[in-house]
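Input: one structure, supplied below.
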Amino acid sequence: MNFTKTDYYQEKFSKLSFSNEGIELIEFEECDFVGCTFIDCEFKKCKFLNCKFINCLLSAVKFSSSSVIEVSFTQCKVIGIDWTKSQQVRDLQFDECEINYSNFVLLKIPKTKIVNCIAKDVDFTETDLHESDLRKTNFENSIFYRTNLSKTDLRGANNYFIDVKNNTISRAKFSLPEALSLLQILNIVIENS
């Protein structure tokens, strides 16, 4: 299937499969994508407004000069996405997803939801994630540097390294034993008594 219109409203797309395609100047509003595959595709100057992706694969997709606003991903693989190439990114939600090898550098995306996900090798350098929900997510090899995590919920998250000297963590929520990793930078010894 090719997209033949420039505007789609409240439509459901099931089991679409695109590879190495360029999709340009299309607006999707309140649309659902279920079981769809997009590999090495470029969405150029497109808009995704209040859309849902469920059980989809998006690999190395480019959202070039596109807007992705109030979009949720549930049980999806959203891998190798450079979100910084988008024109606007806001109110993203990832539930039970893999978002490995993604780039959020310098984005202001407060109140983002990344819950119960695998987020390996994700770059959050200088990202504003304040008031975000990052619970129960595996952040193995992900980068937090000058990241605003104030009032962010990281309870149940694991495999993260957050340097308390180079990140803002005021009023963030952590859980034990993972929170002990926050002390690594202090070069101290902690023993059971």
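Within region 121-142, work out how many residues are over 18 Å from Val61 (Cβ atoms) and either of a type in the set (Asp, Glu) or surrounded by fewer than 19 Cβ atoms within 10 Å (Cβ to Cβ) (or both).
Residues flagged as over 18 Å from Val61 (Cβ atoms) and either of a type in the set (Asp, Glu) or surrounded by fewer than 19 Cβ atoms within 10 Å (Cβ to Cβ) (or both) within region 121-142 amount to 10.
Sticking with this structure for a sec: Out of all the residues in region 92-119, which are part of a strand (DSSP E or B) and either in contact with a Ser or Thr (Cβ under 9 Å, 6 or more places away or on another chain) or over 12 Å from Cys76 (Cβ atoms) (or both)?
From region 92-119, those part of a strand (DSSP E or B) are 93-95, 98, 103, 108, 113-115, 118; that's our starting set.
Hits for region 92-119 are Gln93, Phe94, Asp95, Asn103, Lys108, Lys113, Ile114, Val115, Ile118.
Here's a follow-up. Does Glu140 count as within 20 Å of Lys151 (Cβ to Cβ), in a loop (DSSP other than H, G, I, E, B) and in contact with a Phe, Trp or Tyr (Cβ under 9 Å, 6 or more places away or on another chain)?
Working: within 20 Å of Lys151 (Cβ to Cβ): no; in a loop (DSSP other than H, G, I, E, B): yes; in contact with a Phe, Trp or Tyr (Cβ under 9 Å, 6 or more places away or on another chain): yes.
No: the conditions fail for Glu140.
Follow-up question, since we're still on this one. When only residues in region 73-88 that are touching a residue at least 24 places away in the same chain (Cβ under 8 Å) and assigned to a strand (DSSP E or B) count, which is farthest from Thr112 (Cα to Cα)?
That would be Val78.
Keeping to region 144-163, report how many residues are surrounded by fewer than 20 Cβ atoms within 10 Å (Cβ to Cβ) and either under 21 Å from Cys97 (Cα atoms) or among the aliphatic types (A, V, I, L, M) (or both). Can you show your working first?
We begin by selecting, within region 144-163, every residue surrounded by fewer than 20 Cβ atoms within 10 Å (Cβ to Cβ); these are 145-146, 150-151, 153, 155-156, 158-159, 161, 163.
Right, trim to either under 21 Å from Cys97 (Cα atoms) or among the aliphatic types (A, V, I, L, M) (or both) and you get 153, 155-156, 158-159, 161.
Residues meeting the conditions: 6.
Would you mind telling me which numbered condition in (1) under 17 Å from Ser65 (Cβ atoms); (2) outside any strand (DSSP E or B) Phe28 fails?
If we test Phe28 against (1) under 17 Å from Ser65 (Cβ atoms); (2) outside any strand (DSSP E or B), just (2) comes out false.
Just to check your reading of the model, which residue among Asp7, Asp95, Asp32 is more than 30 Å from Asn159 (Cα to Cα), surrounded by 15 or more Cβ atoms within 10 Å (Cβ to Cβ) and among the charged types (D, E, K, R)? Spell out the reasoning first.
Working: Asp7 fails: surrounded by 15 or more Cβ atoms within 10 Å (Cβ to Cβ); Asp95 fails: more than 30 Å from Asn159 (Cα to Cα).
After ruling out the rest, the residue left standing is Asp32.
Among the residues in region 135-142, are any more than 20 Å from Val164 (Cβ to Cβ), touching a residue at least 12 places away in the same chain (Cβ under 8 Å) and over 10 Å from the mean Cα position of the chain (by Cα)? Spell out how you get there, then give the answer.
Narrowing region 135-142 to residues more than 20 Å from Val164 (Cβ to Cβ): 136, 138.
With touching a residue at least 12 places away in the same chain (Cβ under 8 Å) added as a condition, the list becomes 136, 138.
Narrowing the set further to residues that are over 10 Å from the mean Cα position of the chain (by Cα) leaves 136, 138.
Within region 135-142 (the criterion being more than 20 Å from Val164 (Cβ to Cβ), touching a residue at least 12 places away in the same chain (Cβ under 8 Å) and over 10 Å from the mean Cα position of the chain (by Cα)), the answer is yes, since at least one residue qualifies.
Any chance you could count how many residues in region 62-77 are farther than 22 Å from Glu131 by Cα and either within 10 Å of the chain's Cα centre (by Cα) or surrounded by 21 or more Cβ atoms within 10 Å (Cβ to Cβ) (or both)?
Within region 62-77, the first condition is being farther than 22 Å from Glu131 by Cα, and the residues that meet it are 62-66, 75-77.
Among the residues that remain, those that are also either within 10 Å of the chain's Cα centre (by Cα) or surrounded by 21 or more Cβ atoms within 10 Å (Cβ to Cβ) (or both) are: 63, 66, 76.
Total satisfying the criteria: 3.
Taken together, the values in this text are just the output of simple stated rules run on the coordinates, not laboratory data. The model shown is predicted, which means the values in this text are computed figures rather than measured ones. Cβ atoms come from the backbone with ideal geometry, glycine included; neighbour counts cover every protein chain shown.
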